[in-house]
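Notes follow the structure.
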Amino acid sequence: MSLLIVGTVAFDALETPFGKTDKILGGAATYIGLSASHFVEKSHLVSVVGGDFPQEHMDLLASKGVDLKGLQIKKDEKTFFWSGKYHLDMNSRDTVDTQLNVLATFDPIVPKEFQHCQYLMLGNLVPAVQNRVLEQLLKRPKLIVLDTMNFWMDNAMPDLLEALKGVDVLTINDEEARQLSGELNLVKAAQKILTMGPKTLIIKKGEHGALLFGDNGQIFFAPALPLAEVFDPTGAGDTFAGGFIGYLTKTDDISFDNMKRALLYAATMASFCVEKFGTERLETLTTAEVQARRAEFTQLVQVQ
Ligand code: AMP
């Protein structure tokens, strides 16, 4: 099955209680691609970077089976830059800086051979760009998953509401679910969001796991693995999304039951992401490690 990934490819500067990084590789699509590579041999990326984006980062993505034909390189412009600082609990963070740079004028072009992809992950990105991608598809994919964040709810809500009408699954965190729905209670928030377009909603709650809501009232919960060392949660949500769509693409089954399995793989992938700064842990991760940790999730919740 073919997987198309759209999202930011970025430079991030991060600060957590454990340290600080200068500009390192980041971006939603980067984390999604690295994560999905444990489920699919090849994925296709649509994104944009500036002339300042190093070849070594592109080589890394290519080495993980991420096809870069749809990555535009704007030689005279700068790559999207995001900087964030985490609070002591590591569950909340402040955005220190967002410089859209190449993203401000990005017109996504989906290469012809990706226009009939079966699985589409619309990672965190300008909602108008997410809409432009949807318009270019020759055939509706079997499954479209969209991820977004509060930044776009604050700055581009009408475009985001338009994008939501065309997708199957939305992944957001609990704060964003409250903002999008205007409801404090997450079950009520989910009920409301499920009338906006998506038939399935995932609400991520950081170290407290994630909830999966179906439109027939089904609810499933996946815990987060309790970890002794959490260095940097950046990209955990995107890595989660990459695991979710990667597993669904591999198994080619979009039933609610299979989405439950995908949610556990999503949580498995996110648990690795937070162990080191940025993409560092994902760069060396093996699929054998993924399988071993997935088994730990079963141990965590199973009773005789
Ligand atoms: P997460 O921690 O899963 O929310 O993802 C963090 C990643 O999202 C970072 O690598 C950033 O480069 C990227 N990011 C931050 N802000 C935005 C934004 N407004 N739009 C798209 N991507 C963003």
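The values are calculated or read from the model by the stated rules, or taken from the named source; none is laboratory data. In this text, all values refer to a predicted model and were calculated from it rather than measured experimentally. Ideal geometry is used to build each Cβ from the backbone, glycine not excepted, and the neighbour counts take in all protein chains shown.
Per-structure values
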quantity	calculated
Residue list for segment 228-262, restricted to those being away from the ligand (no atom under 16 Å from the Cβ) and either at pLDDT below 95 or in contact with a helix residue (DSSP H, G or I) (Cβ under 8 Å, 6 or more places away or on another chain) (or both)	Ala228, Glu229, Tyr247, Leu248, Thr249, Thr251, Ile254, Asn258, Met259, Arg261, Ala262
Checking Gly19 against (1) touching a residue at least 12 places away in the same chain (Cβ under 8 Å); (2) surrounded by fewer than 14 Cβ atoms within 10 Å (Cβ to Cβ); (3) out of contact with any Phe, Trp or Tyr (no Cβ under 9 Å at 6 or more places or on another chain), the condition it does not meet	(3)
From Leu25, Leu14, residue being touching a His at 6+ places or on another chain (Cβ under 8 Å), within 11 Å of the ligand (Cβ to nearest atom) and not β-branched (Val, Ile, Thr)	Leu25
Qualifying helices (runs of 4 or more DSSP H) (wholly inside segment 249-304; at least 3 residues being surrounded by 14 or more Cβ atoms within 10 Å (Cβ to Cβ), of a type in the set (D, E, K, R) and on the phi < 0 side of the Ramachandran plot)	287-301
